[in-house]
1. What distance in nm separates the two pseudo spin-label positions at B:ALA253 and B:LEU66, each 7 Å out from Cα along the beta-carbon direction?
2. Give the lysines reachable from B:LYS55 as a straight Cα distance under 30 Å; neighbours fewer than 8 places away on the same chain don't count.
3. Report the full-extension gain for the segment A:LYS200 to A:ARG236: residue separation times 0.36 nm, less the Cα-Cα distance, to one decimal in nm.
4. Å³ per residue of the Cα convex hull, for region B:171-219?
5. Using modelled amide H (1.01 Å from N, peptide plane; none on Pro or chain starts), what sits under 5 Å from the amide H of A:ASN163, excluding residues fewer than 5 places away?
6. In the calculated pair distance distribution of chain B, what percentage of Cα-Cα distances lie above 30 Å?
7. Give, rounded to the nearest 20 debye, the magnitude of the charge dipole that the protein assembly as shown has about its Cα centre when Lys and Arg contribute +1 at Cβ and Asp and Glu contribute -1 at Cβ.
8. Using Cα centres only, tell me the gap between region B:198-274 and region A:93-118 in whole Å.
Number of protein chains: 2
Amino acid sequence: MSTRAGYEKKALPNIALIGAGNVATHLGRALKQAGYKIIQLFSRTISSASELAEKLQCPYVTDLNLVTSNADIYLVSVKDDALDKVIPQLVKQNPNALFLHTSGSTSMNVWEGYVKRYGVLYPLQTFSKRFAVDFKTVTFYVEAVYPTDLDIVRQMAYSLSENVYETDSEQRLYVHLAAVFACNFSNHMYAIAYKLLQEKGLSFVPLLPLVDETVRKIHQLNPVGAQTGPARRWDRMIMNKHESLLKTCPGIADIYKKVSESIHSYAIKEYLIQE
Amino acid sequence: MSTRAGYEKKALPNIALIGAGNVATHLGRALKQAGYKIIQLFSRTISSASELAEKLQCPYVTDLNLVTSNADIYLVSVKDDALDKVIPQLVKQNPNALFLHTSGSTSMNVWEGYVKRYGVLYPLQTFSKRFAVDFKTVTFYVEAVYPTDLDIVRQMAYSLSENVYETDSEQRLYVHLAAVFACNFSNHMYAIAYKLLQEKGLSFVPLLPLVDETVRKIHQLNPVGAQTGPARRWDRMIMNKHESLLKTCPGIADIYKKVSESIHSYAIKEYLIQE
């Protein structure tokens, strides 16, 4: 599903960037560095708009009616639940342009009925505003109605990264759901560990080599097969000890129980339970 | 809590290794490489015993009554629930030796009443039998009754790694619990992602850069602050979509709900919910 084409040298399309959140910030800066011209930035919040506009060295507006009609691409990176409000007003400015959103969980068809040329440029990454991202390794999922527009979106993605995949909207939704588990939820497991140690005056830092090793393994083994630990072998003695330590934090105890059961059910289904 | 002393050069103690599981295998090989002599291996299972004994080039026994009485250190790396059965018989061979176990969740006092010199050498790592481990970065937690024995255990740990910490048994139990979250449970989040994608014919590999980045972040930010995603900002629209995709897997849907709630409760407590 990954393809890369040799694109002819021609002027890159102009971009109007809609949104000034984490994704807009990182994507805007990276596209500018890749040679795209961000001709205008829109954000409802004046402080966010001016801050990012300064970084991108472009003008900004805070009123959707003032968005430029001269962009080739309108790249919309706002919260999913803001898309519905932004789209009807935005498309009026330049109905023949290419409209893209950057959301993992929103169908491409959110544009349907408003414009003809639309698509998706979804960077699969965890962005924190103050934490630099190396886009070279970021995976992009792209989609567009017309092949010529898909070429444009693909070119944008390849100008930033080597990992570009084409998916339809339903597949992308599953990718996004999987990413919530692989990124957001795994991070929360670290956060729980951090807090448990913090309460006992212990540091999380000595656990980092273990975290690194866990990830190193899944670069070589599939994560179902790489599973280790008391829940996999259903070591009730250890699990009872852990559960008694968690008596004072019912929410975490509940997660401990559910995740342990799920680990064990995977192990029963697919592998000999033998470490 | 970390210390390192300059040890005088003298003959390293001889070790009898009790157990032939993942930890025993990796630890035995590493200690041998570090110059320790493994003078005998015990495992109840003849196939495991002979396989590991060949790697360690040492004799093996499968009957606890035949364990050597000549070792300086008896290093016991068996399942936690087997410790109680092994200890009473094992200690008879050489009651004045130093007895160590390698368990994160078992108190040092499991030896109390049986022998005088005892302690713990706990490597905090995820071991799979067929997956090589670089011990240099493995964190060790050590404990012993007598300072002279603590020196011996510390020396063993430092011969393998630079990350050596002293903890008491209660702290170690919390470290082990935290490690279950940081390693076993984070890995299960990858496993769930893997299976969700697999069911849609999609590959997990494009998610690896995201997983790497998530871990890179917590080397610099604490994981509570590094949290991103729909649960942190309580984006019900996305979460509803995800929950409807998970309707056919109630166990996973339940984990989705509980972990999301937990992420959000951390975010409410400690941070402005603003991404």
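1. Going by the 7 Å Cα→Cβ label model, 5.6 nm.
2. Within reach: A:LYS217, B:LYS9, B:LYS10, B:LYS32, B:LYS37, B:LYS79, B:LYS85, B:LYS92, B:LYS129, B:LYS136.
3. 10.6 nm
4. Numbers: hull volume 2.9 nm³, N = 49.
Per-residue hull volume (Cα only) is 60 Å³.
5. It is A:PHE140, by chain and number.
6. In whole percent, the share of Cα-Cα pairs in chain B beyond 30 Å is 42.
7. Dipole size: approximately 320 debye.
8. 26 Å
Coordinate-derived values only; no laboratory data. Remember, it's a predicted structure, so these values are computed and weren't measured experimentally. In this analysis, Cβ positions are derived from the backbone assuming ideal geometry, glycine residues included, and neighbour counts consider all displayed protein chains.
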